[in-house]
Amino acid sequence: MKRIVAVLAIVWAAANVVVAYLFVTNAFVAKTAAKEGLPAQAALLLGGLLIAVFAVIVAREGLALFRGTSRVS
């Protein structure tokens, strides 16, 4: 059961990395700056970075759970 949860966590983290990539790349599109301004760019950039950080944390815990070295019991 732990391996299934670990695989699901890794898949979830990979999907979130894709979303984070889209957020960060769209923060630097000229259309975002012209249409919505600097606060929208900052929100996209910050949101994308936070999503990426949490995705990395989930992926690391998922890998540890898969390997059997997790602190979670």
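The values are calculated or read from the model by the stated rules, or taken from the named source; none is laboratory data. From a predicted model like this one, the values you see are computed outputs, not experimental measurements. Cβ: placed from backbone, ideal geometry, glycine included. Neighbour counts: every protein chain shown.
Tabulated values for the structure
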read-out: Residue count, the range 25-73 (criterion: surrounded by 14 or more Cβ atoms within 10 Å (Cβ to Cβ) and hydroxyl-bearing (Ser, Thr, Tyr)); value: 2
read-out: Pair list, Cβ under 7 Å, 6 or more apart: the range 5-21 residue more than 12 Å from Leu63 (Cα to Cα) and surrounded by 13 or more Cβ atoms within 10 Å (Cβ to Cβ), other residue acidic (Asp, Glu) and at pLDDT below 95; value: none
read-out: Qualifying residue in the range 31-40 (condition: free of Cβ contacts under 8 Å to residues at least 24 places away in the same chain and touching a Gly at 6+ places or on another chain (Cβ under 9 Å)); value: no
read-out: Sole exception among (1) more than 24 Å from Val58 (Cβ to Cβ); (2) in contact with a helix residue (DSSP H, G or I) (Cβ under 9 Å, 6 or more places away or on another chain) for Leu44, by number; value: (1)
